[in-house]
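The values are calculated or read from the model by the stated rules, or taken from the named source; none is laboratory data. As the structure is a computational prediction, the values presented were derived from the model and not from experiment. Here Cβ is always computed from backbone atoms with ideal geometry, including for glycine, and neighbour counts include all displayed protein chains. Note: areas computed on protein heavy atoms with side chains; ligands, DNA, RNA excluded. Shrake-Rupley method; radii C 1.70, N 1.55, O 1.52, S 1.80 Å.
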Amino acid sequence: MALARRADADAVVVVVPRLSARLTGFGGQLPLGQATWGDTWVSLDRPGLEGVYTDRFTGQRLTTALRDGVPVLPVSSLFGLFPVAMLKREENP
């Protein structure tokens with residue numbers, strides 16, 4: 001689940017997993033990385049949210065890709081180190 005807010009060139013995106021216990025076999029592990037998320041992408045819903053984002057929890061920098069003209073982020077990278085992400089756009093193309 002994701003929520004994005006934008007004001008002019010500034011943008012913030014918060015992403016949290018939903019119903020992820022099944023992905024980890026109900027074993028209590030955190031839903032992290034490629035093994036859990038595979039080729040899952042989160043859509044930022046509309047053009048205008050493209051750019052380079054920094055996760056405020058981990059410091060990781062992520063660059064959006066485009067799928068069907070809409071900016072997306074790979075969930076395996078978003079949740080590679082921590083199971084939630086709070087992203088602030090640092091660069092706007």
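Looking across the range 20-59 at every residue that is more than 21 Å from LEU81 (Cβ to Cβ) and in a loop (DSSP other than H, G, I, E, B), the one that is farthest from the chain's Cα centre (by Cα) is identified as PHE26.
The residues of the range 83-93 that are assigned to a loop (DSSP other than H, G, I, E, B) and either more than 30 Å from GLN29 (Cβ to Cβ) or open to solvent by 30 Å² or more (accessible area, probe 1.4 Å) (or both), listed by number, are VAL84, ASN92, PRO93. Say whether the condition of being touching a strand residue (DSSP E or B) at 6+ places or on another chain (Cβ under 7 Å), buried (at least 19 other Cβ atoms within 10 Å of the Cβ), under 14 Å from ASN92 (Cα atoms) and in contact (Cβ under 8 Å) with a residue 60 or more places away in the chain is met by at least one residue in the range 4-11. The answer is yes; a qualifying residue exists. Within the range 40-82, if we keep just the residues that are among the aliphatic types (A, V, I, L, M) and farther than 23 Å from ALA9 by Cβ, the residue that is surrounded by the most Cβ atoms within 10 Å (Cβ to Cβ) turns out to be VAL75.
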